[in-house]
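In what follows, a single structure is set out as C-alpha cells and then discussed.
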Amino acid sequence: MARPEADLILHDMDKQVARSRRKGPLVSCWVRVPLVLALILGPLAVLTWPRMFPPEHTPRSSPGQICRSNLKQIAVAALMYAQDYDEVLPRMQGWDEALRPYYRSDAILHCPLDEQVSVPSYAMNPSVAGQVLGALDKTTVMFYEGSGMVVAERHDGGAHYAFVDGHVKRYGDPPEGFGAVVERER
C-alpha cells in the first residue's frame, strides 16, 4: 500500500517532467548555444590573450632579494657541510672552496650591486669559523655582506646577515652580539 506523501512526491515529479517536455527543443537550444560558444571561443581567447594584452614589464627580483637568496643558499651549504663533517663549520680561510660541492653556481658568491667579481661579496664571521654547530647560539651571524672585517652596506644603508639557524635578515646596523666586525663600508 503506497503512502500518501510518496504519491504526492511522485505526482509533483510527473508534473515537472511534463512541463519540461512541453518546452523541449527551445530550452535545450538555449542550453546548447552558450556551451558551444564557450567550447569554441575559450581556447581562442587563451591563445590570443597574451598577444592582445602583453604585460607591461616582466617581474624581476630586486638586488636585495637576490642577495638575500644568495646568503640563504650559502648558509644552507654551510649547514650541509657541517652535517658531513661532524657538525663542524668550515674554516675561515677558503670557506667558499670548502662549500663548493654544496651549491650549484659560483654566482651565489656575488651580490648584484658589488662591482668586485674577483672576490666573494660575502664573508664568514670569524667567531664561528671551524666551530661546532651545536655549541653556537642560533642567533649568531654565520655569513654577512662584506669582506674581511668590513660590512658592506649595499642595500639602502643596510646589509644582509645569515644566521647559524639558516635564516637571513637585513639590518641597518650589525645585529647584537656580532662583535667580530669592527668597520662598516658606506
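In the list Gln116, Gln93, Gln83, which residue meets the criterion of being touching a Leu at 6+ places or on another chain (Cβ under 9 Å), surrounded by fewer than 17 Cβ atoms within 10 Å (Cβ to Cβ) and among the polar types (S, T, N, Q)?
Result of the check over Gln116, Gln93, Gln83: Gln83.
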- Item | Number of the exception - Asp173 against (1) touching a Ser or Thr at 6+ places or on another chain (Cβ under 9 Å); (2) surrounded by fewer than 15 Cβ atoms within 10 Å (Cβ to Cβ) | (1)
- Message: Within segment 133-148, does at least one residue satisfy the condition of being hydrophobic (A, V, I, L, M, F, W, C), loosely packed, with under 12 Cβ neighbours inside 10 Å and either in the same structural domain as Ser69 (by TED's automatic domain parsing) or under 24 Å from the mean Cα position of the chain (by Cα) (or both)?
- Response: yes
- Considering Ala98, Ala107, which residue is in contact with a helix residue (DSSP H, G or I) (Cβ under 7 Å, 6 or more places away or on another chain), under 30 Å from Gly130 (Cα atoms) and either assigned by TED's automatic domain parsing to the domain that holds Phe143 or modelled with pLDDT under 70 (or both)? Ala98
- From the residues in segment 15-64 that are small (Gly, Ala, Ser) and within 30 Å of the chain's Cα centre (by Cα), which one is modelled with the lowest pLDDT? Ser61
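The values are calculated or read from the model by the stated rules, or taken from the named source; none is laboratory data. On a predicted model such as this, the values are computed, not experimentally measured, just so you know. As a convention, Cβ positions derive from the backbone with ideal geometry for all residues, glycine included, and neighbour counts pool all protein chains shown.
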